[in-house]
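Chemist: Mind looking over this structure? Questions follow.
The values are calculated or read from the model by the stated rules, or taken from the named source; none is laboratory data. Everything numeric here is computed off the predicted structure, so don't read it as measured data. Here the Cβ positions follow ideal geometry from the backbone for every residue, glycine too, while neighbour counts run over all protein chains shown. Calculation scope for accessible area: heavy atoms of the full protein, side chains included, ligands and nucleic acids excluded. Shrake-Rupley method; radii C 1.70, N 1.55, O 1.52, S 1.80 Å.
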Amino acid sequence: MNCRNAQAKLSALVDGELPGREALLVREHLLRCPRCAQEWRALRGLKLAMGQLPDVEPPEGLEERLLAAVRREKEASRPIRLWLPAAAAAVAACATLALLNLRADEPAVASKTLPPVPASFEVDRDQAYVAASDPFGPGPVVLAAGYGRR
Amino acid sequence: MAFAIARDGNVARALDREHFERLLKESYRQAYALAYRLTGNAADAEDLLQDAAIRAYRFFHQYDPELPFGKWLAKILCNANVDRIRRRGRLRTTSLDQPSEAGGHVPEVADWNSLPDRAMVEESVSDPLQEGLAAVRPEFRTAVVLADIEGMEYEEIAQTMGTSVGTVRSRIHRGRKQLRRYLLEKFPDFVARMVDEL
Ligand SMILES: [Zn+2]
């Protein structure tokens, strides 16, 4: 094993992530090469120092602030019929029924007496959900704090 | 009918929220520590953790209880951090990320002005290592922090960062080299002590 091969594997050796045979070869090299051995010591020292960094104490009140943020998120993402006043909820529920009825090609009895269905609203919401569907995706989806309350 | 569904859904969501909050309470301290090491200051760490907590809540229905919640949250947090840095327009994805064994030598960057988290360097005043971490490329820094502070194995880091073990190996190696170079330049005494204490 030459120096370049050995150097590329030093971090993995320090982390105990080198397969046995490879580890043996690198160790063998370290016995004969002071320069690589020095590098290995330095990397090991760095890892040890990192491991000795003091624990980070969370700031005062962090737990409460996190829970509050999650609850705000919950409020913002509630389905329409849960956050509107009762009367509006009834309208929305009937509208949903009406939509279901329409899809089933049945007469939409309830819709005759109701204001137009806020269809654009539902579409906007759904698109937002689709856009937000991958937590590990490349782009963040940031919803306004008042999202869903218009 | 619609109301009955709404009520049942409501109960299910309330239980879900309770469950989520319990898991979050158990995990947020460690997640905060990770966020702090990745961002280098308390304000950004809290922002990042809050972002991750909200994402986790939003996608809680996708959470697989086989995986410890803390690991899942760490994964979301690392991804949220990448997004955060991207938003700042400072993350450069280049061929630097290829495993080093693969081919020609790629010089490690020594021009600190061009490095991604200069703001982070200026904000972290407390610790040479923390300051040095800020000078390391974000992907490299994340891998090193997950290995050395979170104590993860390469396989786990690969899962957390959504990449291969080979890439993790390379990121950690380059990350440590960048970190060491920075420390040698700015804190030679600290480096000398670090080796003495072995
Ligand atoms: Zn050598």
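Chemist: Between A:A23 and A:C3, what is the spin-label point distance in nm, taking each point 7 Å from the Cα along the Cα→C-beta axis?
Modeler: Distance between label points: 2.6 nm.
Chemist: Check each residue of the range B:14-55 and keep those whose accessible area, probe 1.4 Å, is at least 30 Å² smaller with all protein chains in place than in the chain alone; give them in order of residue number.
Modeler: Going by heavy-atom accessible area, the residues of the range B:14-55 that drop by at least 30 Å² are B:R17, B:E21, B:L24, B:K25, B:Y28, B:R29, B:Y32, B:R37, B:E46, B:Q50, B:I54, B:R55.
Chemist: Say the cut-off is 21 Å between C-alpha atoms; which of A:K47/B:K25; A:K9/A:K47; A:K74/B:K71; B:K75/B:K177; B:K71/B:K177; B:K25/B:K71 go over it? Walk me through the intermediate numbers first.
Modeler: Working: A:K47/B:K25 29 Å; A:K9/A:K47 15 Å; A:K74/B:K71 23 Å; B:K75/B:K177 24 Å; B:K71/B:K177 27 Å; B:K25/B:K71 14 Å.
Check vs 21 Å cut-off fails for A:K47/B:K25; A:K74/B:K71; B:K75/B:K177; B:K71/B:K177.
Chemist: Now for a different question. Please report the buried accessible area for the interface of B with A, total over both chains, probe 1.4 Å, in Å² to the nearest 100. Walk me through the intermediate numbers first.
Modeler: Numbers: alone 11740 and 11760 Å², together 18030 Å².
So the buried area, both faces added, is about 5500 Å².
Chemist: Now for a different question. Among A:L13, A:G51, A:C3, flag the residue with its Cα farthest along the positive direction of the charge dipole of the range A:3-51, charges on Cβ as +1 for Lys/Arg and -1 for Asp/Glu.
Modeler: The Cα lying farthest towards the positive end belongs to A:C3.
Chemist: Let me ask something additional. Taking 0.36 nm per residue of separation and subtracting the Cα-Cα distance, what length does fully extending B:Q62 through B:R86 add? It would help to have the intermediate numbers written out before the result.
Modeler: Working: separation 24, 0.36 × 24 = 8.64 nm, distance 2.48 nm.
The span from B:Q62 to B:R86 would gain 6.2 nm if fully extended.
Chemist: Here's a follow-up. Averaged per residue, what accessible area in Å² does the range B:126-198 show with a 1.4 Å probe, protein chains only?
Modeler: Working: 2610 Å² over 73 residues.
It amounts to 36 Å² per residue over the range B:126-198.
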